[in-house]
Amino acid sequence: VASEGRYAVAIDVAFGARAEALIASWTRENEPAARAAPEAEPDLPTNAGIWIGLALAAFFAVTGAWSETSPWFELGTADARRIVNGQLWRSVTALTLHSDAAHVLGNAFSCGVFGTLLLRRWGVGVGAWILLGSGALGNLATALWHGSQHRSVGASTALFGAIGALAATELVRRRRQRLGWNRAWLPLA
């Protein structure tokens, strides 16, 4: 029966209980999937990324700009040939050296932003290991990829690792909330 754009179904009273049971069954079967309650986003109160950025700038005041004659750069540059031949520490020490003031200031600022976000999400201990480990692995991978003529310095590889870790963390968090892939992949963009 239709009236003013509304529909009503009329049934015989003898079938009332059965009709109610069928409607209740249909309602249970067609309930929307329950979404998990959103996980609380950890936000540990720290400014350690800013302090790491300031430490990079302070260390630059000691080492100075890139120089072939500087003992800091002679011993610490990520020299692919030397890394591949066993001087693995260069993958770490190169993170502390910078080619000039603009280079260190850019990395110090980025560390203040992305380093702090990472350390707030994962905690200072785990976050610092992610930062250091991703930078060292990035330098090692670069040495293996580019071959013997490649040399580099700077904390950029660690900061790219921080951005990647933040994106992966957010992707996993969104998938746990059962968000569709169309919304879950956005942090990777």
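Every read-out reported here was derived from the displayed coordinates using simple, explicitly stated rules and does not represent laboratory data. What you see is a predicted model, and the numbers here were worked out from it, not measured in a lab. Neighbour counts are summed over all protein chains in view; Cβ atoms, including those assigned to glycine, are modelled from backbone coordinates with ideal geometry.
Worth pointing out:
- Label-point separation, TYR7 to TRP26 (7 Å along Cα→Cβ), nm: 0.9
- When both region 1-23 and region 85-147 are represented by their alpha-carbon centers, they are found 68 Å apart.
- Relative to the current alpha-carbon distance between LEU105 and ALA61, full extension at 0.36 nm per residue lengthens the span by 14.7 nm.
- The phi-based Karplus calculation (6.51 cos²θ - 1.76 cosθ + 1.60; θ = phi - 60°) puts the 3J(HN,Hα) values of region 80-97 at 4, 4, 6, 5, 4, 8, x, 8, 5, 4, 4, 5, 8, 5, 5, 5, 9, 9 Hz, whole numbers, x for Gly and Pro.
- Normalised Debye scattering of the chain at q = 0.18 Å⁻¹ gives log10 I(q)/I(0) of -1.14, counting only Cα atoms as equal scatterers and leaving out solvent.
- If R0 is taken as 25 Å, the Cβ-Cβ distance between GLN177 and LEU137 corresponds to a FRET efficiency of 0.30.
- Only helices enter the 222 nm calculation for the chain: every DSSP H run of n ≥ 4 contributes -39,500 (n - 2.57), and dividing by all residues gives -17500 deg cm²/dmol, rounded to 500.
- For ALA80, the shell of other residues with beta-carbons less than 14 Å away shows a net charge of +3, using +1 for Lys and Arg and -1 for Asp and Glu.
- Using the Karplus relation 6.51 cos²θ - 1.76 cosθ + 1.60 with θ = phi - 60°, the per-residue 3J(HN,Hα) values for region 11-21 come to 10, 5, 4, 5, 9, x, 5, 5, 5, 4, 5 Hz, with x marking Gly and Pro.
- By the Kirkwood approach, averaging reciprocal distances over each pair of separate Cα atoms, region 82-141 gets a hydrodynamic radius of 12.5 Å.
- Highest-first packing order for the peptide set 51-57, 98-104, 81-87 is 51-57, 98-104, 81-87, based on the mean count of other beta carbon atoms within 10 Å.
- Across the chain, the longest run free of exposed loop sites, meaning GluC sites (Glu not before Pro) lying outside DSSP classes H, G, I, E and B with no more than 11 other Cβ atoms within 10 Å, spans 69-189.
- Region 22-142: relative contact order in percent, alpha carbon pairs under 8 Å with at least 6 residues between: 36
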